[in-house]
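The values are calculated or read from the model by the stated rules, or taken from the named source; none is laboratory data. Model, not experiment: these values are computed from the prediction. Quick reminder, even Gly has a Cβ in these numbers, built from the backbone with ideal geometry, and neighbours come from all protein chains shown.
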Amino acid sequence: MNELVHSELKKIFNERFSTSESTRANYSRGEDTYEPVLSQAVVFPETNEEVSKILKLCNDNKIPVVPFGTGTSLEGNALGNSNGITISLEKMNKVLNVNSADFDCRVQANVTRKQLNEYLREDGVFFPIDPGADAAIGGMASTSASGTMAVKYGTMRTVISGLTVVLANGEIIKTGSRTKKSSAGYNLTNLFIGSEGTLGIITEVQVRLSPIPESIMSAVCYFPNLDSAVQTAQEVIQYGIPIARIEMLNKDQMEISIKYSKLENIKASPTLFFEFHGSESSNKEAIKLVEELSKNNGGGDFKWAVSLEERNKLWQARHDVYWSVKALGNNMKVYSTDVCVPISNLVECISWAEKEVKKHDLIAPMVGHVGDGNFHSIILFDPNDKEKQKKIRQYSDDLISKALELEGTITGEHGIGLQKKHYLLKEHPDNIPVMKSIKCSLDINNIMNPGKVFDLN
(Lines give C-alpha, C1' and ligand atoms only; values in the text may rest on other atoms or scores of the structure.)
Protein backbone atom coordinates (compact mmCIF):
# COMPACT_ATOMS: atom_id res chain seq x y z
CA MET A 1 0.00 0.00 0.00
CA ASN A 2 1.53 3.30 -1.04
CA GLU A 3 1.88 6.32 1.19
CA LEU A 4 -0.80 8.30 -0.65
CA VAL A 5 -3.47 5.66 -0.04
CA HIS A 6 -2.33 5.19 3.55
CA SER A 7 -2.52 8.90 4.37
CA GLU A 8 -5.83 9.37 2.52
CA LEU A 9 -7.53 6.48 4.33
CA LYS A 10 -6.10 7.64 7.65
CA LYS A 11 -7.44 11.15 7.01
CA ILE A 12 -10.95 9.89 6.14
CA PHE A 13 -11.35 7.17 8.77
CA ASN A 14 -9.06 8.20 11.66
CA GLU A 15 -9.36 5.51 14.35
CA ARG A 16 -11.43 3.35 11.95
CA PHE A 17 -8.26 2.74 9.94
CA SER A 18 -5.72 0.42 11.54
CA THR A 19 -2.32 -0.96 10.61
CA SER A 20 -1.66 -2.58 13.99
CA GLU A 21 -0.56 -6.20 13.82
CA SER A 22 -3.18 -7.38 16.32
CA THR A 23 -6.05 -5.82 14.36
CA ARG A 24 -4.75 -7.16 11.06
CA ALA A 25 -4.42 -10.62 12.63
CA ASN A 26 -8.01 -10.53 13.85
CA TYR A 27 -9.24 -10.05 10.27
CA SER A 28 -6.81 -12.33 8.48
CA ARG A 29 -8.89 -15.49 7.89
CA GLY A 30 -12.18 -17.28 8.48
CA GLU A 31 -12.73 -20.61 10.23
CA ASP A 32 -10.70 -22.47 7.64
CA THR A 33 -7.49 -24.50 7.70
CA TYR A 34 -5.28 -21.84 6.12
CA GLU A 35 -2.52 -20.03 7.94
CA PRO A 36 -3.51 -16.39 8.57
CA VAL A 37 -2.55 -13.83 5.93
CA LEU A 38 -2.36 -10.28 7.27
CA SER A 39 -3.43 -7.49 4.97
CA GLN A 40 -1.51 -4.23 5.24
CA ALA A 41 -4.41 -2.46 6.92
CA VAL A 42 -8.03 -2.89 8.04
CA VAL A 43 -10.69 -0.24 7.40
CA PHE A 44 -14.08 -0.04 9.13
CA PRO A 45 -16.62 1.88 6.99
CA GLU A 46 -20.11 2.72 8.23
CA THR A 47 -21.93 3.73 5.02
CA ASN A 48 -22.20 2.80 1.35
CA GLU A 49 -20.51 6.07 0.49
CA GLU A 50 -17.52 5.27 2.69
CA VAL A 51 -17.13 1.86 1.05
CA SER A 52 -17.30 3.66 -2.31
CA LYS A 53 -14.47 6.02 -1.32
CA ILE A 54 -12.26 3.10 -0.26
CA LEU A 55 -12.82 1.14 -3.45
CA LYS A 56 -12.32 4.13 -5.75
CA LEU A 57 -9.04 4.93 -4.02
CA CYS A 58 -7.87 1.31 -4.13
CA ASN A 59 -8.94 0.86 -7.75
CA ASP A 60 -7.11 4.00 -8.86
CA ASN A 61 -3.97 2.67 -7.17
CA LYS A 62 -4.51 -1.02 -8.02
CA ILE A 63 -4.56 -2.14 -4.40
CA PRO A 64 -6.30 -5.48 -3.65
CA VAL A 65 -9.33 -5.48 -1.34
CA VAL A 66 -10.72 -8.32 0.81
CA PRO A 67 -14.25 -7.92 2.28
CA PHE A 68 -14.73 -9.31 5.80
CA GLY A 69 -17.96 -10.01 7.71
CA THR A 70 -18.10 -12.21 10.81
CA GLY A 71 -15.29 -14.51 9.67
CA THR A 72 -17.27 -17.77 9.65
CA SER A 73 -16.30 -18.84 6.11
CA LEU A 74 -14.73 -22.27 5.67
CA GLU A 75 -12.95 -22.35 2.31
CA GLY A 76 -10.46 -19.48 2.56
CA ASN A 77 -13.06 -17.04 1.21
CA ALA A 78 -11.99 -14.24 3.62
CA LEU A 79 -8.25 -14.91 3.77
CA GLY A 80 -6.30 -11.65 3.86
CA ASN A 81 -4.10 -10.24 1.07
CA SER A 82 -0.54 -9.27 2.03
CA ASN A 83 -0.45 -6.59 -0.68
CA GLY A 84 -3.86 -5.13 0.03
CA ILE A 85 -6.36 -4.01 2.63
CA THR A 86 -9.25 -5.72 4.38
CA ILE A 87 -12.59 -3.93 4.59
CA SER A 88 -14.42 -5.01 7.72
CA LEU A 89 -18.17 -4.43 7.50
CA GLU A 90 -18.77 -4.94 11.22
CA LYS A 91 -19.99 -1.36 11.73
CA MET A 92 -22.56 -1.76 8.94
CA ASN A 93 -24.94 -3.68 11.17
CA LYS A 94 -28.27 -1.82 11.12
CA VAL A 95 -31.72 -3.09 10.24
CA LEU A 96 -32.83 -0.41 7.77
CA ASN A 97 -36.54 -1.16 7.43
CA VAL A 98 -39.09 -3.90 8.04
CA ASN A 99 -42.28 -4.40 6.03
CA SER A 100 -44.01 -7.18 7.96
CA ALA A 101 -47.22 -6.84 5.90
CA ASP A 102 -45.21 -7.69 2.79
CA PHE A 103 -42.90 -10.14 4.56
CA ASP A 104 -39.66 -8.38 3.67
CA CYS A 105 -36.97 -6.20 5.17
CA ARG A 106 -33.70 -4.48 4.25
CA VAL A 107 -30.53 -4.78 6.31
CA GLN A 108 -26.93 -3.66 6.18
CA ALA A 109 -24.48 -6.41 5.31
CA ASN A 110 -23.18 -7.21 8.79
CA VAL A 111 -26.54 -7.72 10.47
CA THR A 112 -26.40 -11.34 11.67
CA ARG A 113 -29.25 -13.83 11.40
CA LYS A 114 -29.70 -13.96 15.20
CA GLN A 115 -29.65 -10.18 15.45
CA LEU A 116 -32.30 -9.87 12.74
CA ASN A 117 -34.58 -12.49 14.26
CA GLU A 118 -34.32 -10.83 17.66
CA TYR A 119 -35.29 -7.52 16.01
CA LEU A 120 -38.26 -9.18 14.25
CA ARG A 121 -39.50 -11.07 17.30
CA GLU A 122 -42.56 -8.85 17.90
CA ASP A 123 -43.54 -8.62 14.22
CA GLY A 124 -44.76 -12.19 13.77
CA VAL A 125 -42.15 -12.88 11.07
CA PHE A 126 -38.66 -14.35 10.96
CA PHE A 127 -35.63 -14.79 8.72
CA PRO A 128 -35.50 -18.53 8.00
CA ILE A 129 -32.02 -19.21 6.60
CA ASP A 130 -29.97 -20.93 9.29
CA PRO A 131 -26.42 -22.03 8.42
CA GLY A 132 -25.67 -22.75 12.08
CA ALA A 133 -23.05 -20.07 12.64
CA ASP A 134 -24.32 -16.62 13.56
CA ALA A 135 -23.10 -15.38 10.20
CA ALA A 136 -23.55 -11.93 8.67
CA ILE A 137 -26.35 -11.78 6.12
CA GLY A 138 -24.06 -10.05 3.60
CA GLY A 139 -21.55 -12.88 3.97
CA MET A 140 -24.32 -15.43 3.62
CA ALA A 141 -25.32 -13.72 0.37
CA SER A 142 -21.70 -13.65 -0.85
CA THR A 143 -21.27 -17.41 -0.34
CA SER A 144 -24.85 -18.35 -1.30
CA ALA A 145 -25.39 -19.97 2.10
CA SER A 146 -28.32 -22.13 3.16
CA GLY A 147 -28.23 -24.47 6.18
CA THR A 148 -30.66 -26.55 8.15
CA MET A 149 -34.02 -25.18 6.95
CA ALA A 150 -33.42 -25.11 3.20
CA VAL A 151 -35.81 -28.04 2.69
CA LYS A 152 -38.79 -25.79 3.53
CA TYR A 153 -37.60 -22.21 3.14
CA GLY A 154 -34.96 -22.45 0.44
CA THR A 155 -31.51 -20.86 0.31
CA MET A 156 -30.14 -17.32 0.22
CA ARG A 157 -30.85 -17.23 -3.52
CA THR A 158 -34.48 -17.98 -2.68
CA VAL A 159 -34.99 -15.26 -0.08
CA ILE A 160 -32.95 -12.36 -1.48
CA SER A 161 -34.93 -9.98 -3.68
CA GLY A 162 -32.41 -7.17 -4.00
CA LEU A 163 -28.95 -5.90 -3.09
CA THR A 164 -26.89 -2.76 -2.76
CA VAL A 165 -23.42 -3.43 -4.19
CA VAL A 166 -20.37 -1.19 -4.41
CA LEU A 167 -18.35 -1.99 -7.53
CA ALA A 168 -14.58 -1.93 -7.86
CA ASN A 169 -14.59 1.59 -9.32
CA GLY A 170 -16.66 2.90 -6.41
CA GLU A 171 -19.99 2.96 -8.25
CA ILE A 172 -22.97 2.11 -6.02
CA ILE A 173 -25.74 0.07 -7.65
CA LYS A 174 -29.05 -1.32 -6.42
CA THR A 175 -30.38 -4.55 -7.88
CA GLY A 176 -33.80 -6.18 -7.76
CA SER A 177 -36.85 -4.84 -5.97
CA ARG A 178 -39.28 -5.58 -3.14
CA THR A 179 -41.70 -7.41 -5.43
CA LYS A 180 -42.27 -11.16 -5.58
CA LYS A 181 -41.33 -11.25 -9.23
CA SER A 182 -39.78 -9.15 -11.97
CA SER A 183 -38.80 -9.63 -15.60
CA ALA A 184 -36.87 -6.36 -15.80
CA GLY A 185 -33.65 -7.24 -17.59
CA TYR A 186 -30.70 -9.28 -16.39
CA ASN A 187 -30.91 -10.80 -12.92
CA LEU A 188 -27.97 -8.94 -11.41
CA THR A 189 -29.05 -9.89 -7.90
CA ASN A 190 -28.28 -13.54 -8.59
CA LEU A 191 -25.02 -12.57 -10.27
CA PHE A 192 -23.64 -11.15 -7.02
CA ILE A 193 -25.05 -13.90 -4.78
CA GLY A 194 -22.25 -16.46 -4.45
CA SER A 195 -19.62 -14.17 -5.99
CA GLU A 196 -17.64 -14.07 -2.70
CA GLY A 197 -16.66 -10.41 -3.00
CA THR A 198 -14.90 -10.92 -6.34
CA LEU A 199 -17.29 -8.66 -8.30
CA GLY A 200 -18.11 -6.01 -5.70
CA ILE A 201 -18.94 -5.58 -2.02
CA ILE A 202 -22.50 -6.29 -0.91
CA THR A 203 -23.43 -3.57 1.60
CA GLU A 204 -27.23 -3.99 1.87
CA VAL A 205 -29.53 -6.97 1.43
CA GLN A 206 -33.29 -7.04 0.80
CA VAL A 207 -34.62 -10.34 2.16
CA ARG A 208 -37.97 -12.11 2.17
CA LEU A 209 -39.31 -13.12 5.57
CA SER A 210 -41.63 -15.92 6.64
CA PRO A 211 -44.51 -15.93 9.14
CA ILE A 212 -43.68 -17.49 12.48
CA PRO A 213 -45.38 -20.91 12.46
CA GLU A 214 -48.35 -21.53 14.71
CA SER A 215 -46.76 -24.77 15.89
CA ILE A 216 -43.11 -25.91 15.95
CA MET A 217 -42.34 -29.51 16.95
CA SER A 218 -38.88 -31.13 17.09
CA ALA A 219 -37.85 -34.74 17.59
CA VAL A 220 -34.96 -37.15 17.14
CA CYS A 221 -35.18 -40.69 15.85
CA TYR A 222 -32.49 -43.38 16.09
CA PHE A 223 -31.69 -45.91 13.36
CA PRO A 224 -29.75 -49.19 13.32
CA ASN A 225 -27.42 -47.91 10.59
CA LEU A 226 -26.73 -44.79 8.56
CA ASP A 227 -28.23 -46.13 5.33
CA SER A 228 -31.61 -46.61 7.05
CA ALA A 229 -31.57 -43.05 8.39
CA VAL A 230 -30.68 -41.50 5.02
CA GLN A 231 -33.22 -43.71 3.21
CA THR A 232 -35.91 -42.37 5.54
CA ALA A 233 -34.96 -38.76 4.83
CA GLN A 234 -34.95 -39.47 1.12
CA GLU A 235 -38.46 -40.96 1.26
CA VAL A 236 -39.84 -38.06 3.33
CA ILE A 237 -38.80 -35.67 0.56
CA GLN A 238 -39.85 -37.91 -2.32
CA TYR A 239 -43.33 -38.38 -0.82
CA GLY A 240 -43.75 -34.61 -0.51
CA ILE A 241 -44.33 -34.60 3.25
CA PRO A 242 -44.15 -31.01 4.56
CA ILE A 243 -41.22 -30.65 6.95
CA ALA A 244 -39.00 -27.72 7.96
CA ARG A 245 -35.73 -29.56 8.43
CA ILE A 246 -34.22 -33.03 8.46
CA GLU A 247 -30.68 -33.27 9.77
CA MET A 248 -28.54 -36.39 9.94
CA LEU A 249 -25.76 -37.15 12.41
CA ASN A 250 -23.88 -40.44 12.15
CA LYS A 251 -22.96 -42.54 15.18
CA ASP A 252 -19.50 -40.99 15.58
CA GLN A 253 -20.88 -37.45 15.57
CA MET A 254 -23.67 -38.36 18.01
CA GLU A 255 -21.11 -39.68 20.50
CA ILE A 256 -19.15 -36.44 20.22
CA SER A 257 -22.23 -34.17 20.38
CA ILE A 258 -23.71 -35.94 23.42
CA LYS A 259 -20.52 -35.29 25.35
CA TYR A 260 -19.81 -31.77 24.08
CA SER A 261 -23.39 -30.42 24.29
CA LYS A 262 -24.27 -32.37 27.45
CA LEU A 263 -27.32 -33.98 25.86
CA GLU A 264 -29.34 -36.13 28.24
CA ASN A 265 -31.23 -39.34 27.50
CA ILE A 266 -29.91 -39.38 23.93
CA LYS A 267 -28.43 -42.46 22.24
CA ALA A 268 -25.21 -42.64 20.27
CA SER A 269 -26.71 -44.10 17.10
CA PRO A 270 -27.23 -42.84 13.56
CA THR A 271 -29.86 -40.19 14.15
CA LEU A 272 -32.26 -37.94 12.28
CA PHE A 273 -33.26 -34.59 13.74
CA PHE A 274 -36.75 -33.57 12.57
CA GLU A 275 -38.57 -30.25 12.87
CA PHE A 276 -42.13 -29.55 11.75
CA HIS A 277 -43.52 -26.04 11.12
CA GLY A 278 -47.21 -25.42 10.54
CA SER A 279 -50.54 -25.64 12.29
CA GLU A 280 -51.01 -28.23 15.02
CA SER A 281 -53.25 -30.31 12.78
CA SER A 282 -50.92 -30.20 9.75
CA ASN A 283 -47.91 -31.02 11.93
CA LYS A 284 -49.68 -34.01 13.49
CA GLU A 285 -50.54 -35.33 10.03
CA ALA A 286 -46.97 -34.91 8.78
CA ILE A 287 -45.53 -36.45 11.94
CA LYS A 288 -47.71 -39.53 11.57
CA LEU A 289 -46.44 -40.12 8.02
CA VAL A 290 -42.78 -39.53 8.97
CA GLU A 291 -43.07 -41.89 11.94
CA GLU A 292 -44.44 -44.61 9.65
CA LEU A 293 -41.58 -44.19 7.18
CA SER A 294 -39.04 -44.21 10.01
CA LYS A 295 -40.41 -47.44 11.49
CA ASN A 296 -40.48 -49.09 8.08
CA ASN A 297 -36.73 -48.41 7.88
CA GLY A 298 -35.94 -49.72 11.35
CA GLY A 299 -36.17 -46.40 13.20
CA GLY A 300 -37.15 -46.27 16.86
CA ASP A 301 -39.75 -44.14 18.62
CA PHE A 302 -39.54 -40.37 18.26
CA LYS A 303 -37.97 -38.58 21.22
CA TRP A 304 -39.66 -35.19 21.41
CA ALA A 305 -38.19 -31.85 22.45
CA VAL A 306 -41.37 -30.42 23.92
CA SER A 307 -40.38 -27.05 25.40
CA LEU A 308 -38.66 -24.16 23.62
CA GLU A 309 -35.64 -24.67 25.89
CA GLU A 310 -35.37 -28.36 24.94
CA ARG A 311 -35.78 -27.53 21.27
CA ASN A 312 -33.09 -24.85 21.37
CA LYS A 313 -30.69 -27.18 23.19
CA LEU A 314 -31.24 -29.92 20.62
CA TRP A 315 -30.62 -27.67 17.63
CA GLN A 316 -27.72 -25.90 19.30
CA ALA A 317 -26.07 -29.31 19.60
CA ARG A 318 -26.51 -29.70 15.84
CA HIS A 319 -25.09 -26.24 15.20
CA ASP A 320 -22.10 -26.90 17.49
CA VAL A 321 -20.92 -29.91 15.47
CA TYR A 322 -17.84 -28.11 14.11
CA TRP A 323 -16.76 -26.97 17.58
CA SER A 324 -17.52 -30.34 19.16
CA VAL A 325 -15.10 -32.04 16.76
CA LYS A 326 -12.49 -29.31 17.18
CA ALA A 327 -12.65 -29.79 20.96
CA LEU A 328 -11.44 -33.39 20.60
CA GLY A 329 -7.80 -32.35 20.43
CA ASN A 330 -5.56 -29.41 21.28
CA ASN A 331 -3.60 -27.87 18.42
CA MET A 332 -5.68 -29.84 15.91
CA LYS A 333 -7.38 -28.43 12.83
CA VAL A 334 -10.79 -29.18 11.34
CA TYR A 335 -11.68 -29.36 7.68
CA SER A 336 -15.36 -29.58 6.78
CA THR A 337 -16.20 -31.10 3.40
CA ASP A 338 -19.33 -30.05 1.54
CA VAL A 339 -21.03 -31.80 -1.39
CA CYS A 340 -24.63 -31.96 -2.53
CA VAL A 341 -26.33 -34.57 -4.74
CA PRO A 342 -29.85 -35.15 -6.08
CA ILE A 343 -31.97 -36.61 -3.29
CA SER A 344 -32.43 -39.90 -5.19
CA ASN A 345 -28.63 -40.43 -5.11
CA LEU A 346 -28.10 -39.43 -1.49
CA VAL A 347 -28.08 -42.91 0.08
CA GLU A 348 -25.45 -44.11 -2.38
CA CYS A 349 -23.21 -41.08 -1.86
CA ILE A 350 -23.31 -41.07 1.95
CA SER A 351 -22.85 -44.85 2.13
CA TRP A 352 -19.82 -44.55 -0.14
CA ALA A 353 -18.40 -41.68 1.95
CA GLU A 354 -18.74 -43.59 5.22
CA LYS A 355 -16.79 -46.55 3.78
CA GLU A 356 -14.07 -44.26 2.41
CA VAL A 357 -13.61 -42.55 5.78
CA LYS A 358 -12.97 -45.94 7.37
CA LYS A 359 -10.64 -47.00 4.53
CA HIS A 360 -8.47 -43.91 5.07
CA ASP A 361 -8.62 -44.24 8.88
CA LEU A 362 -9.85 -40.67 9.33
CA ILE A 363 -11.49 -39.02 12.34
CA ALA A 364 -14.35 -37.67 10.24
CA PRO A 365 -17.81 -37.71 11.83
CA MET A 366 -20.58 -36.98 9.36
CA VAL A 367 -23.55 -34.60 9.36
CA GLY A 368 -25.99 -33.68 6.67
CA HIS A 369 -28.81 -31.42 5.58
CA VAL A 370 -30.24 -34.60 4.15
CA GLY A 371 -33.56 -33.01 3.24
CA ASP A 372 -31.81 -31.24 0.36
CA GLY A 373 -29.07 -33.74 -0.45
CA ASN A 374 -26.23 -31.84 1.25
CA PHE A 375 -23.77 -33.40 3.72
CA HIS A 376 -20.38 -32.86 5.35
CA SER A 377 -17.53 -34.89 6.82
CA ILE A 378 -16.01 -32.93 9.72
CA ILE A 379 -12.37 -34.06 9.55
CA LEU A 380 -10.02 -33.61 12.53
CA PHE A 381 -6.30 -33.69 11.78
CA ASP A 382 -2.85 -32.84 13.11
CA PRO A 383 -1.36 -30.08 10.89
CA ASN A 384 2.08 -31.65 11.40
CA ASP A 385 0.98 -35.06 10.14
CA LYS A 386 1.68 -34.75 6.40
CA GLU A 387 0.72 -38.36 5.62
CA LYS A 388 -2.69 -37.90 7.18
CA GLN A 389 -3.19 -34.69 5.21
CA LYS A 390 -2.46 -36.63 2.00
CA LYS A 391 -5.20 -39.10 2.97
CA ILE A 392 -7.62 -36.24 3.66
CA ARG A 393 -6.84 -34.70 0.27
CA GLN A 394 -7.36 -38.06 -1.42
CA TYR A 395 -10.67 -38.55 0.37
CA SER A 396 -11.80 -35.03 -0.53
CA ASP A 397 -10.80 -35.51 -4.18
CA ASP A 398 -12.61 -38.84 -4.38
CA LEU A 399 -15.72 -37.46 -2.66
CA ILE A 400 -15.88 -34.61 -5.18
CA SER A 401 -15.54 -37.09 -8.04
CA LYS A 402 -18.27 -39.28 -6.56
CA ALA A 403 -20.64 -36.33 -6.13
CA LEU A 404 -20.08 -35.23 -9.73
CA GLU A 405 -20.54 -38.81 -10.94
CA LEU A 406 -23.93 -38.77 -9.17
CA GLU A 407 -24.85 -35.48 -10.91
CA GLY A 408 -24.24 -33.40 -7.82
CA THR A 409 -22.16 -30.32 -7.05
CA ILE A 410 -18.82 -29.70 -5.36
CA THR A 411 -20.37 -27.35 -2.81
CA GLY A 412 -23.90 -26.91 -1.52
CA GLU A 413 -23.27 -23.92 0.74
CA HIS A 414 -19.60 -23.24 1.58
CA GLY A 415 -18.67 -21.52 -1.65
CA ILE A 416 -15.36 -21.89 -3.50
CA GLY A 417 -12.85 -19.56 -1.83
CA LEU A 418 -9.33 -20.92 -2.29
CA GLN A 419 -9.94 -24.50 -1.25
CA LYS A 420 -12.22 -25.54 -4.11
CA LYS A 421 -10.86 -23.60 -7.08
CA HIS A 422 -9.49 -26.71 -8.79
CA TYR A 423 -12.75 -28.56 -8.11
CA LEU A 424 -14.70 -25.78 -9.82
CA LEU A 425 -12.68 -26.49 -12.96
CA LYS A 426 -13.92 -30.09 -12.80
CA GLU A 427 -17.58 -29.14 -12.37
CA HIS A 428 -17.82 -26.17 -14.76
CA PRO A 429 -14.84 -26.12 -17.14
CA ASP A 430 -16.90 -24.50 -19.90
CA ASN A 431 -18.30 -21.84 -17.53
CA ILE A 432 -14.97 -20.51 -16.26
CA PRO A 433 -14.21 -18.38 -19.37
CA VAL A 434 -17.61 -16.70 -19.03
CA MET A 435 -17.02 -16.08 -15.32
CA LYS A 436 -13.63 -14.56 -16.12
CA SER A 437 -15.11 -12.22 -18.72
CA ILE A 438 -17.70 -10.99 -16.21
CA LYS A 439 -14.98 -10.50 -13.60
CA CYS A 440 -12.78 -8.54 -16.02
CA SER A 441 -15.62 -6.27 -17.11
CA LEU A 442 -16.64 -5.34 -13.56
CA ASP A 443 -13.19 -5.38 -11.97
CA ILE A 444 -10.75 -4.33 -14.67
CA ASN A 445 -7.79 -4.06 -12.25
CA ASN A 446 -8.58 -7.33 -10.42
CA ILE A 447 -8.65 -5.73 -6.98
CA MET A 448 -11.78 -7.47 -5.62
CA ASN A 449 -10.77 -10.45 -3.46
CA PRO A 450 -8.28 -11.56 -6.11
CA GLY A 451 -7.35 -15.24 -6.37
CA LYS A 452 -10.63 -16.44 -4.87
CA VAL A 453 -13.13 -18.62 -6.80
CA PHE A 454 -10.78 -18.86 -9.82
CA ASP A 455 -7.48 -17.51 -11.09
CA LEU A 456 -7.59 -15.00 -13.92
CA ASN A 457 -4.27 -16.15 -15.40
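Answer yes or no as to whether LYS402 is at pLDDT below 95 and surrounded by 15 or more Cβ atoms within 10 Å (Cβ to Cβ). So LYS402 does not fit the description; no.
Every listed requirement among (1) part of a strand (DSSP E or B); (2) in the same structural domain as SER146 (by TED's automatic domain parsing) is met by ARG178 save one, (1).
Considering only residues that are in a loop (DSSP other than H, G, I, E, B), buried (at least 16 other Cβ atoms within 10 Å of the Cβ) and more than 31 Å from the chain's Cα centre (by Cα), which ones fall in segment 1-38? Once the filter is applied, which keeps residues that are in a loop (DSSP other than H, G, I, E, B), buried (at least 16 other Cβ atoms within 10 Å of the Cβ) and more than 31 Å from the chain's Cα centre (by Cα), segment 1-38 yields only MET1. All of SER269, SER282 fail the test of being in contact (Cβ under 8 Å) with a residue 12 or more places away in the chain and more than 28 Å from the chain's Cα centre (by Cα), apart from SER282.
Residues checked against (1) surrounded by fewer than 14 Cβ atoms within 10 Å (Cβ to Cβ); (2) in the same structural domain as SER228 (by TED's automatic domain parsing):
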| position | (1), (2) |
| --- | --- |
| ILE287 | no, yes |
| SER294 | no, yes |
| GLY299 | no, yes |
| SER307 | yes, yes |
| LEU314 | no, yes |
| ALA317 | no, yes |
| ASN331 | yes, no |
| VAL334 | no, no |
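Just to be sure I understand the filter: pairs with C-beta atoms under 6 Å, separated by 6 or more residues or on different chains, first member in segment 30-44 and over 16 Å from MET448 (Cα atoms), second member in a loop (DSSP other than H, G, I, E, B) and charged (D, E, K, R). Which pairs pass? Listed by first residue and then by second, the contacts come to PRO36/ARG29; PHE44/LYS91. The residues in segment 244-291 that are assigned to a helix (DSSP H, G or I), of a type in the set (D, E, K, R) and more than 24 Å from ASN374 (Cα to Cα) can be counted, and the count is 5. Of the helices (runs of 4 or more DSSP H) contained entirely in segment 297-415, those carrying at least 1 residues that are in contact with an Asp or Glu (Cβ under 6 Å, 6 or more places away or on another chain) fall at 308-319, 346-359, 386-405. Of the residues VAL367, VAL357, the single one that is surrounded by 23 or more Cβ atoms within 10 Å (Cβ to Cβ) and among the β-branched types (Val, Ile, Thr) is VAL367. Beta carbons closer than 8 Å, at least 6 apart along the sequence or on distinct chains, never pair a first residue in segment 434-457 that is assigned by TED's automatic domain parsing to the domain that holds ASN77 with a second that is outside any helix (DSSP H, G or I). If you go through segment 262-299 and keep only what is closer than 17 Å to ASN312 by Cα, out of contact with any strand residue (DSSP E or B) (no Cβ under 6 Å at 6 or more places or on another chain) and either acidic (Asp, Glu) or at pLDDT 95 or above (or both), you end up with just GLU264.
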